[in-house]
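First the structure, in the form of structure tokens, and then the observations on it.
No value in this document is a laboratory result; all are computed from the given coordinates. None of the values given here were measured: they were computed from a predicted structure. Note that we place each Cβ from the backbone using ideal geometry, even for glycine, and neighbour counts take in every protein chain shown.
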């Protein structure tokens, strides 16, 4: 583990920024509510029943998608990889779509979505184990083709849905933080997330080694394929957890890893926590902006891409300019 | 001789009329339009209807061409209709344009106000030779609405919020038939600054402070209405929740611009003013 004073300073400032965003996220909305009034009977419901679940979901989704995207970019050795590149998110969407078609209601839709994604994860893992001699290309191609398959099935579900049901399903697919998920379920999800993150953090040295070439990893006595498989499962679990809770919130999983690498370098041991915190801060802030600017419920997934793409291009051009 | 010629002419006329009506092949692109056609006794001329055309029961036996939002063009053309009737802003325009291009007579109706319903009924009656029946339908609907309005005219207007979806939270705004329905039933739409069906944030919906929350219920969607009801449960600061005035109402009666609209208004007026308007 790398725990230099510089690293501790970075984590502390990010932690402070995270807490600041969290409190601002709770205070800002249709109306400003000062932190002093968080437990005031007049505003208690607004803070703890509406804003708090949203902020909690933003922490889970932002953090998990960023870490998941970062891992996918390393194991697939592809800077364009994001958590939705493999079929796991597509399967979660299909599960959600079936839930909507069967009028299951919340939180059953979330359960079905998560179970479908686990099933898909099993399939991809089985295929990649069968072709153990091959590289990440088989994994990537299997995932991409499964992704296409699920996306066509989701489109079919959309065409079979009733008029208003279709609107709901489309809104869910576009991603958001306003879905009526019970708070205890959010706490359980947060618990699972922290369990997975602590495991990933403990194994971050192995993730770092995946940045090296296959020969170098072998020379160090590390089974690259086994490590890759482990991280693929962990990143997919993070992605499945998020998509089943929030739908597809795009761009965070692509933007945040690049931003963190740009600011703090490419060592997983250093920037995993950075990734989590920046992802959470970014999503809380974006939701806060959208919530404050519009009285309407907007699809956050579309807004993250709308605001994130220009920023990402700015970073890219700045970096590549002589 | 003269009598024979007259009866022959009469027979000829009868045959001509029956052949003319038999040649009409109507497709209805919305459940409310199907209801209107049935109310005008045009059931034999209907060759196909849109999905969810569940009233009267016989309408369910008709062939379907898909939902009003996504009807199948090929299926429509397969039934060789002479007239297609559609609701404005319901069926996609590009599809209606294609139908017009294929030479089929298309009748499109606006359905945002009770006046639109009267016009639709009269126009359909005129087109298919059922003027008298259409006039009778309109008169009875007008009388029904007039009676309800007389009962609620001097009563205090409660602020009514109609929620139609949970994800995203979708409500009934201005310039919609349901907005007009609230007015006719003696209430006031809690949403005054948004047109159509706004998807409002929960916080924004709370600020509307409704006295009554109504949830249109359609068959098979009972879970959704229960979910919407329980999503309001903890908001005791909202008068509707505090006074237990969250009701479900028959969605087919209140949201359809057809001859049963009056029944829907009576139902809504009873929910808004239970002591003054009996069931």
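When you count the other C-beta atoms within 10 angstrom of each residue and take the mean per peptide, A:176-187, A:243-254, B:24-35 line up highest first as A:243-254, B:24-35, A:176-187.
Each residue in B:249, B:69 was given a count of other beta-carbon atoms within 10 angstrom of its own, and listing them fewest first yields B:69, B:249. Look at the stretch B:192-202: the mean tally of other chain Cβ atoms within 10 Å of its residues' Cβ atoms is 4.
How much of the DSSP beta bridge set in chain B is antiparallel, as a percent to the nearest 5? Roughly 15 percent of the beta bridges in chain B run antiparallel, per DSSP. Entry note, chain A: relative contact order of 32 percent, from Cα contacts under 8 Å with a spacing of 6+ residues.
Ranked by the mean number of other Cβ atoms within 10 Å per residue, highest first, peptides A:89-95, A:31-37, B:209-215 order as A:89-95, B:209-215, A:31-37. Ranked by the mean number of other Cβ atoms within 10 Å of their residues, highest first, the peptides B:106-112, B:83-89 fall in the order B:83-89, B:106-112.
Against chain B, whose longest principal axis is taken from its Cα atoms, helix B:2-23 shows a tilt of about 40°. Would you please classify the overall shape of chain A from the alpha carbon gyration tensor, given that a ≥ b ≥ c denote the square roots of the eigenvalues, rounded means a/c under 1.5, and beyond that prolate means a/b larger than b/c while oblate covers the rest? Because a/c hits 1.5 or more and a/b fails to exceed b/c, chain A counts as oblate.
Helical content alone sets the calculated 222 nm signal of chain B at -14000 deg cm²/dmol, taking -39,500 (n - 2.57) per DSSP H segment of four or more residues and averaging over every residue. Counting Cβ atoms of other protein chains within 10 Å of each residue's Cβ and taking the mean over peptide B:160-173 gives 4. Given the -39500 (n - 2.57) contribution per DSSP H run of 4+ residues, what per-residue ellipticity at 222 nm results for chain A, rounded to the nearest 500 deg cm²/dmol? That calculation yields -25000 deg cm²/dmol at 222 nm.
The orientation-averaged projection of the convex hull spanning the C-alpha atoms of the protein assembly as shown amounts to 35.4 square nanometres.
Relative to the dominant Cα principal axis of chain B, helix B:131-152 is inclined by about 20°.
Relative to the dominant Cα principal axis of chain B, helix B:114-127 is inclined by about 10°.
Of all DSSP-defined beta bridges confined to the protein assembly as shown, some 15% are antiparallel rather than parallel.
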